[in-house]
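The values are calculated or read from the model by the stated rules, or taken from the named source; none is laboratory data. Computed from a predicted model, the values in this text were never measured in an experiment. So basically every Cβ, Gly included, is an ideal-geometry build from the backbone, and we count neighbours across all protein chains shown. For the accessible areas, the whole protein counts, side chains as well, though only heavy atoms, and no ligand, DNA or RNA atoms are used. Shrake-Rupley method; radii C 1.70, N 1.55, O 1.52, S 1.80 Å.
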Amino acid sequence: MPELLFPLDSNKKFTEQEKIGHNRWHPDIPAAVTVKPGDSFRVHCREWFDGAIHNDDSADDILNAPLTTVHTLSGPFAVEGAQPGDLLIVDILDLGPIPQEDSGPLAGQGWGYTGIFPRDNGGGFLTEQFPDAYKAVWDFAGQTATSRHVPHVKFTGIVHPGLMGTAPSHALLGKWNTREAALIATDPDRVPPLALPPEPRDAILGTLSGADFDRVAAEAARTAPPRENGGNQDIKNLTKGSRVFYPVFVDGANLSVGDLHFSQGDGEITFCGAIEMGGFIDLRVDIIKGGMETYGVSENAIFMPGNTDPQYSEWLAFSGTSVTLDGEQRYLDSQLAYQRACLHAIDYLTKFGYSPEQAYLLLGAAPIEGRLSGVVDIPNSCATVYLPTAIFDFPIAPSASGPVKIDPGMGAPHSAR
């Protein structure tokens, strides 16, 4: 096992640990650990809400989830010799739930969760159709997930870090804050908001204190969106065996990681659409000097996916086009087309007995595949969502005998204001 360089004690809060991570992006957050090119090491990661979501049959914790506290990131890890303009090579050697803990109160201790966030506290991909808070708890058995809230489903998770990236430079951070503030200004009262500006409240900034803490907390970027440094990309294929090439913007690169997922469908469509968990990740790092210019990777990571994904041979695919629910034509709107494909899949699954919310939670958590299938045929783009049929314990393909009627069980816990 690689040396554990960032330990977390499950009995302590994230801010009470031996090493303190962070939940904002800023170049002045000090490195927690320094490693050398070629080093392999283990990192413990806390679930993104640091234990605020519980293994129960209520969605009140999703309704009131403290979004200003996320994400709880482990790091930064400085890599000796890394300089702006280099590419940082990160190999994902292994990852999984919290080691040696198969039961307990923290997500990752034998269980994880998926949430539909309410419209006024984060929202989601289909927030207009699903404005309230719902939750599904998933139990782990090896690499397999099942849920009392979405019965008759069993699948192998594609474990991966939802969030990993390098620190921005001061110039890049300023660019982020400027462009996101301009977007917010176009509709400042929108719910959910168009973007998340810097928020000093609940900031965790490693070992910073005093005036430095106050300055950085006022400037630091929130970790919710993906950006040029990687960040919260939520790419389910960044799993074991993946090699990622990150742009380096500061001396040392200052790599951070967190938001581990037991499984996820393409798009993480409920916002908290993956199966969230705490756990461990084993990494190896190296450097390509001057790699950003050499390979034209001036922004956004490139990666080689791992080869440990579960293998499904049969799928049921749903398509959607860029026409709104009330019949308005949009021009090549691929996001809208994917929304419509997901809504078609949700509507289909309700014919077997699932509630729309159960189906929505399933599409976020299970290893569905989403594709932009046509982006040139004006005015309609076409997007598709592929649902693996083997995850169900009943047939889901259309047949002359009609859909099987399943017992949907207790359903997904619901909380509304």
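Applying the condition of being within 30 Å of Gly96 (Cβ to Cβ) and part of a loop (DSSP other than H, G, I, E, B) to the stretch 276-299 and asking which residue is farthest from the chain's Cα centre (by Cα) yields Val297. Looking only at residues in the stretch 205-228 that are assigned to a loop (DSSP other than H, G, I, E, B), open to solvent by less than 50 Å² (accessible area, probe 1.4 Å) and among the small types (Gly, Ala, Ser), the one that is farthest from Glu47 (Cα to Cα) is Ala220.
Filtered by the rule that a residue be touching a strand residue (DSSP E or B) at 6+ places or on another chain (Cβ under 6 Å) and among the hydrophobic types (A, V, I, L, M, F, W, C), the stretch 324-350 gives Ala337, Ala341, Cys342, Ala345.
So that you can scan it fast, the table gives a plain yes or no per residue for (1) part of a loop (DSSP other than H, G, I, E, B); (2) open to solvent by 30 Å² or more (accessible area, probe 1.4 Å); (3) over 19 Å from Val90 (Cα atoms):
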site	(1), (2), (3)
Ile20	yes, yes, yes
Asp28	yes, yes, yes
Val43	no, no, no
Gly51	yes, no, yes
Asp56	yes, yes, yes
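Within the stretch 117-143, residues that are more than 23 Å from Glu101 (Cα to Cα) and in contact (Cβ under 8 Å) with a residue 60 or more places away in the chain sit with their Cβ atoms under 9 Å from residues that are among the basic types (Lys, Arg) and part of a loop (DSSP other than H, G, I, E, B), at 6+ positions apart or across chains, in these pairs: Pro118/Arg417; Asp120/Arg417; Asp132/Arg417; Ala133/Arg417.
Criterion first (of a type in the set (D, E, K, R), surrounded by 14 or more Cβ atoms within 10 Å (Cβ to Cβ) and over 16 Å from the mean Cα position of the chain (by Cα)) does Arg201 satisfy it? Considered against the rule, which asks whether it is of a type in the set (D, E, K, R), surrounded by 14 or more Cβ atoms within 10 Å (Cβ to Cβ) and over 16 Å from the mean Cα position of the chain (by Cα), Arg201 comes out as no.
Every condition in (1) surrounded by fewer than 15 Cβ atoms within 10 Å (Cβ to Cβ); (2) touching a Cys at 6+ places or on another chain (Cβ under 9 Å) holds for Ile62 except the one numbered (1). Scanning the stretch 301-310 for residues that are in a loop (DSSP other than H, G, I, E, B) and either touching a Ser or Thr at 6+ places or on another chain (Cβ under 7 Å) or at pLDDT below 95 (or both) yields a count of 6. Only one entry of Gly231, Gly241 meets the criterion of being under 24 Å from Glu369 (Cβ atoms), surrounded by fewer than 23 Cβ atoms within 10 Å (Cβ to Cβ) and of a type outside the set (Val, Ile, Thr), and that entry is Gly241.
Remark: Gly231 falls outside the filter, which requires a residue to be more than 20 Å from Thr34 (Cβ to Cβ) and without any contact (Cβ under 8 Å) to a residue 12 or more places away in the chain.
Just one of Pro395, Pro408 is open to solvent by 20 Å² or more (accessible area, probe 1.4 Å), in contact with a helix residue (DSSP H, G or I) (Cβ under 8 Å, 6 or more places away or on another chain) and within 24 Å of Asp56 (Cα to Cα); which is it? It would help to see each step written out before you state the result.
Values: Pro395 fails: within 24 Å of Asp56 (Cα to Cα).
Within the list Pro395, Pro408, the selection yields Pro408.
So, in the stretch 65-87, of the ones that are of a type in the set (Gly, Ala, Ser) and open to solvent by 10 Å² or more (accessible area, probe 1.4 Å), which residue ends up farthest from Ala412 (Cα to Cα)? Break it down into steps so the answer makes sense when it comes.
Taking the stretch 65-87 and keeping what is of a type in the set (Gly, Ala, Ser), we get 65, 74-75, 78, 81-82, 85.
Those left that are additionally open to solvent by 10 Å² or more (accessible area, probe 1.4 Å): 78, 81, 85.
Working: Ala78: 42, Gly81: 50, Gly85: 48 Å.
Looking at the filtered set, the residue picked out is Gly81.
Could you please find all residues in the stretch 112-138 being closer than 18 Å to Ala65 by Cα and part of a strand (DSSP E or B)?
Going through the stretch 112-138, the residues closer than 18 Å to Ala65 by Cα turn out to be 112-125, 127, 130-137.
Answer for the stretch 112-138, where residues must be closer than 18 Å to Ala65 by Cα and part of a strand (DSSP E or B): Gly112, Tyr113, Thr114, Gly115, Ile116, Ala133, Tyr134, Lys135, Ala136, Val137.
What about Val90, is it in contact with a Pro (Cβ under 8 Å, 6 or more places away or on another chain), buried (at least 24 other Cβ atoms within 10 Å of the Cβ) and among the β-branched types (Val, Ile, Thr)? So Val90 fails the test. Residues in the stretch 149-197 that are assigned to a loop (DSSP other than H, G, I, E, B), in contact (Cβ under 8 Å) with a residue 40 or more places away in the chain, open to solvent by less than 50 Å² (accessible area, probe 1.4 Å) and closer than 22 Å to Thr69 by Cα: Ala167, Pro168, Pro192. Looking at this structure, is Gly104 open to solvent by less than 50 Å² (accessible area, probe 1.4 Å), at positive phi, touching a Gly at 6+ places or on another chain (Cβ under 8 Å) and free of Cβ contacts under 8 Å to residues at least 40 places away in the same chain? Considered against the rule, which asks whether it is open to solvent by less than 50 Å² (accessible area, probe 1.4 Å), at positive phi, touching a Gly at 6+ places or on another chain (Cβ under 8 Å) and free of Cβ contacts under 8 Å to residues at least 40 places away in the same chain, Gly104 comes out as no.
Picking from Ser319, Ser355, Ser313, which residue would you name as being surrounded by fewer than 19 Cβ atoms within 10 Å (Cβ to Cβ), over 30 Å from Ile89 (Cβ atoms) and modelled with pLDDT under 95? Quick ask: steps written out before the conclusion?
Working: Ser319 fails: modelled with pLDDT under 95; Ser355 fails: modelled with pLDDT under 95.
That would be Ser313, the only listed residue that is surrounded by fewer than 19 Cβ atoms within 10 Å (Cβ to Cβ), over 30 Å from Ile89 (Cβ atoms) and modelled with pLDDT under 95.
Evaluation of Asp86 against the conditions (1) charged (D, E, K, R); (2) under 30 Å from Arg417 (Cβ atoms); (3) in contact with a strand residue (DSSP E or B) (Cβ under 6 Å, 6 or more places away or on another chain) shows that the sole unmet condition is (2).
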